[in-house]
Amino acid sequence: MKFENKGLQNFVDESVALCTPDKVVLIDGSEEQLEALRAEACSTGEMIKLNQELLPGCYLHRTAVNDVARVEGRTFICTEKKEDAGPTNNWMQKDEAYKMLKGIFKGSMKGRTMYVIPYSMGAVGSPFSKIGIELTDSIYVVLNMAIMTRVGQKVLDTLGPDGDFVRGLHSKADIDEEKRYICQFPEDNTIMSVNSGYGGNVLLGKKCFALRIASYQGRQEGWLAEHMLILGVEKPDGETKYIAAAFPSACGKTNLAMLIPPKEFAEKGYKVFTVGDDIAWIRVGADGRLYAINPENGFFGVAPGTNAKSNPNALATTRRGTIFTNVVHNLENNTVWWEGLDKNPPKNAIDWKGNPWTEEDRANGVKGAHPNSRFTAPAKNCPCISPEFENPQGVPLDAIVFGGRRAKTAPLVYEARDWAHGVFVGSIMASETTAAASGAVGVVRRDPMAMLPFCGYNMGDYFAHWLEMGEKVTKKPKFFNVNWFRTDEEGHFLWPGFGDNLRVLDWILRRTEGKADAVETPIGYVPRPEDIDLSGLDMTTEDVADLLTVDKELWKEDAENIEGFYAKFGDKLPKALADELATLKKNLE
Ligand code: OXD
Ligand code: MN
């Protein structure tokens, strides 16, 4: 196979020599080629074609049972020096990693086809965008990449003869857990992923490139690659304001990104638009504001819990052109089902492992869909997709929101005092373990900016990069922290969440316009209870007051915990953050 781009030619030639596929096929992005691949995947059993009347263009795929999630323990940042990966990443010396991986990739595509996928993260040709090439032996990967990114000849045309790209090599190999590695080489713009077929490990444009490699690129080039959703709120006056928000996995990011305004807000004229649900690339514009794009072209969302009430927009998005992974196959009408879709689990069904899902299984609480089962759906299907989704310049940010899952400590919302304090608030993001996960309940897991598993370099340097970015942003957004998960003594959630979260976003946006009040507390600015618009909600100002309290004793404990977490970073911890922690402690006295 011949390419105009020398770097690409070398990459393909070397990878072919290493993996020895029988055939090499370039993915040109045409519908005919993708359709032929879908047919091939169905003929081998890799995918199942679903009811085309009810779910046009939709397919079902099941991964191996040992391969259902990202594997953080087997994900490595491979650099020359350990210090450059930092204390929060698994590290391998890069030459040793190449040597080991080459041993595993050797001959791994024998008898198979290697697909060459040229893809663009971001709209093709946007100044924000970056190009990647993924080589893979999986049709499932090709078809998912064709939903999640922009693929094909147009990307090669943009790459041109000298353009640079991120190299990604993936092989399912034998799906051997013991030899499963997800390795990022940020110094070489290279990703190598082997022995997995699960999305987060193998759709290399997503976590591997758009976060791990891109965060490193962003530091070199003066921008930010963040684990953030982006949404637009159109207010009654017709103006749309944009918010980027970071939450750890399983805190309702996709739901917030596709929020449906409460009736009273909709009647007033509020509308919410989704720009992205997972990743934001953020740059400083010529006007000194921050601008964000969503580099992806689809949603790789968790299926269980998605329903007509929790997220009707996400559900609507999955009704065509979608690949479902590890959900229940409903044999009654050849469709799909998952826990939390509705109250009618199909009686004649196959579970995510490919076995009959029996009446007895259901009676015994055996789940039909894997809890991390997914849909891969085109962004353009989303009823609330933003008209700015393809805007090559991105959208201007007025607020940056951090969030976590805390039972007591964090109030419903608070605002940081300034940029450095905002970076501090992001750096101390945390979630408490719930009873749903194994292990102790209530243990605090720090997940700075929700980037713990995704930062491609030393997190101390990442904090410093965030602080430095502030110097370039002359028209700064405001920073906030939200917590939808406060509970009462019995563990009941105090805040309804979902669409009602717009009430909090509304206060946030009014703060950015200088139109809402707040009171100063030791941790930052908190709304007065009456500042949150409760119209149409069965809650009193006193209830909201409970959600907004700042318990100094709990925060003193938290400050101790932060100190312990910060100690990991040694002299890489920026002084500005140590100062912020000192200020917090002083404020709590
Ligand atoms: C994801 C995650 O899949 O953050 O988006 O785990
Ligand atoms: Mn994510």
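Quick one: with all protein chains in place, what share of the accessible area of the chain is carbon or sulfur, to the nearest percent (1.4 Å probe)?
After summing per-atom areas, the C and S share lands at 50 percent.
Taking square-rooted eigenvalues a ≥ b ≥ c of the alpha carbon gyration tensor, is the range 206-310 rounded, prolate or oblate, where a/c under 1.5 means rounded and, failing that, a/b exceeding b/c means prolate?
oblate
Any idea what angle helix 459-472 forms with the longest principal axis of the chain, computed on alpha-carbon atoms, 0 to 90 degrees, nearest 10?
Orientation of helix 459-472: about 70 degrees from the principal axis.
At 1.4 Å probe size, with every protein chain present, just tell me what the per residue accessible area of the chain comes to in Å².
I get 39 Å² per residue for this part.
Using θ = phi - 60° and the Karplus relation 6.51 cos²θ - 1.76 cosθ + 1.60, list the HN-Hα couplings for the range 370-380 in order, rounded to whole Hz, with x at every Gly or Pro.
Running phi through 6.51 cos²θ - 1.76 cosθ + 1.60 with θ = phi - 60° gives 5, x, 9, 5, 9, 10, 10, 10, x, 4, 5 Hz.
Place a +1 charge on the Cβ of each Lys and Arg in the chain and a -1 charge on the Cβ of each Asp and Glu, then give the dipole magnitude about the Cα centre in debye, rounded to the nearest 20.
The calculation lands at about 980 debye.
Using a Förster distance of 35 Å, how high is the FRET efficiency between Lys575 and Glu553, based on the Cβ-Cβ distance and rounded to 0.05?
E between Lys575 and Glu553, to the nearest 0.05, is 0.80.
Please find the FRET efficiency linking Glu178 to Gln33, where r is the Cβ-Cβ separation and R0 is fixed at 35 Å, and quote it to the nearest 0.05.
The pair Glu178/Gln33 has a calculated efficiency of 0.50.
For the range 373-428, what class follows from the C-alpha gyration tensor (a ≥ b ≥ c being the square roots of its eigenvalues): rounded when a/c is under 1.5, otherwise prolate if a/b is larger than b/c, else oblate?
Judged from the Cα gyration tensor, the range 373-428 comes out oblate (a/c at least 1.5, b/c at or above a/b).
What net charge is computed for the residues neighbouring Phe389, neighbours being all others with C-beta under 13 Å from the C-beta of Phe389, Lys and Arg scored +1, Asp and Glu -1?
Residues near Phe389 contribute -2 overall.
Which value in nm describes the separation of the simple spin-label points at Lys110 and Thr474, placed 7 Å from the Cα toward the beta carbon?
Here the modelled spin labels are 6.3 nm apart.
Ranked highest first by average number of other Cβ atoms within 10 Å, how do 337-344, 388-395, 311-318 line up?
Sorting 337-344, 388-395, 311-318 by mean packing, highest first, produces 311-318, 388-395, 337-344.
When the chain is fully extended, how far beyond the present Cα-Cα distance does Glu53 get from Asp342, taking 0.36 nm per residue of separation?
That pair, Glu53 and Asp342, stretches by 102.0 nm at full extension.
If I take the Cα coordinates of the chain and project them onto the principal axes, what are the three extents in Å, biggest first?
68, 56, 47
For a protection proxy built on the mean count of beta-carbon atoms within 10 angstrom, sort 373-382, 33-42 highest first, please.
Ranking, from highest mean packing down: 373-382, 33-42.
Output needed: percent of Cα pairs per 10 Å distance bin for the range 36-190, bins running from 0 to the one holding the longest distance.
All Cα pairs considered, the percentages come to 9, 31, 36, 20, 4, 0.
Provide the FRET efficiency to the nearest 0.05 for the Val25-Glu513 pair, computing r from the beta carbons and using R0 = 51 Å.
Result of the calculation: an efficiency of 0.45.
Considering the options Phe105, Pro411, Met429, tell which one lies farthest towards the positive end of the dipole of the chain, charges being +1 on Lys and Arg and -1 on Asp and Glu at the Cβ, about the Cα centre.
About the Cα centre, the residue reaching furthest to the positive side is Phe105.
Do you know the relative contact order of the chain, to the nearest whole percent, from alpha carbon pairs under 8 angstrom that are 6+ apart?
14 percent.
On a straight-distance basis, which lysines could pair with Lys82 in a cross-link, Cα separation under 20 angstrom, same-chain partners fewer than 8 positions away excluded?
In chain and number order, the partners are Lys94, Lys99, Lys568, Lys572.
Within the range 289-436, count lysine pairs with alpha carbon atoms under 15 angstrom apart where the residues are 8 or more positions apart or belong to different chains.
4
Positive end of the dipole of the chain, charges at C-beta (+1 Lys, Arg; -1 Asp, Glu), about the Cα centre: which of Ile131, Asn348, Val504 has its Cα farthest in that direction?
The residue sitting farthest along the positive end of the dipole is Ile131.
Using the Cβ atoms and a cut-off under 11 Å, what net charge is assigned to the surroundings of Arg150, where Lys and Arg are +1 and Asp and Glu are -1?
Residues near Arg150 contribute -1 overall.
The values are calculated or read from the model by the stated rules, or taken from the named source; none is laboratory data. These numbers were taken from a predicted model, which means no experiment stands behind them. Every residue, glycine as well, gets a Cβ built from its backbone with ideal geometry; the counts of neighbours run over all protein chains shown. Note: areas computed on protein heavy atoms with side chains; ligands, DNA, RNA excluded. Shrake-Rupley method; radii C 1.70, N 1.55, O 1.52, S 1.80 Å.
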